[in-house]
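Please read the structure below before turning to the comments.
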Amino acid sequence: MSGIPQAHELWRSAVLHYKDWRQRRAAVLEISQLGNDGERMLAECGLTRSDFRQAMRAAFASKILLPEAVKSKGVDAEIFENRYPVWNRDMRRTCMMCSARRLCSDRLSSGEFEASYRDFCPNAGSLDALAERRDCRLAG
């Protein structure tokens, strides 16, 4: 019976990877179909077309990890996004280009992110600074 949970987890992981691949593929296609408008949209996010293509090659690129990382620090991600759009954009870009996205995703899923993010997260300094702010704290 111990093989059934492992098989289920393997299947679940394969489905998530496939969904992620489809989302990344759709995003690349959508941006390429926008032509110059796509170029402008990427520039507004601080990305070049090359940056975007590179980011879309790695697994979990389409998964939004930053809001979960921010939440782990006791910060309301929506309030942060609304109050500090430039800071949020810069952190998202850093997150999107990060080579440790899979590790980040795994640590966020397992609840180990808070204890270890300083070891791998290029946004660690920003997360620490954000946690010190009182104007974006989670309610409760």
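The values are calculated or read from the model by the stated rules, or taken from the named source; none is laboratory data. Note that this is a predicted model, so its numbers are computed, not measured. All Cβ positions, even for glycine, are placed from backbone atoms using ideal geometry, and neighbour counts span all protein chains on display.
So the values come out like this:
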read-out: Lone qualifier among 115, 27, 69 - being surrounded by 15 or more Cβ atoms within 10 Å (Cβ to Cβ), modelled with pLDDT of 90 or more and part of a helix (DSSP H, G or I); value: 69
read-out: Residue identified as out of contact with any Cys (no Cβ under 8 Å at 6 or more places or on another chain), of a type outside the set (A, V, I, L, M, F, W, C) and touching a residue at least 24 places away in the same chain (Cβ under 8 Å) among 38, 74, 111; value: 74
read-out: Some residue of the range 79-93 being touching a Leu at 6+ places or on another chain (Cβ under 9 Å) and not in a helix (DSSP H, G or I); value: yes
read-out: Of all residues in the range 30-55 being hydroxyl-bearing (Ser, Thr, Tyr) and not in a loop (DSSP other than H, G, I, E, B), the one that is nearest to residue 89 (Cα to Cα); value: 50
read-out: Some residue of the range 125-132 being in contact (Cβ under 8 Å) with a residue 60 or more places away in the chain, among the hydrophobic types (A, V, I, L, M, F, W, C) and under 27 Å from residue 83 (Cα atoms); value: yes
read-out: Test result for residue 104, modelled with pLDDT of 95 or more and closer than 23 Å to residue 52 by Cα; value: no
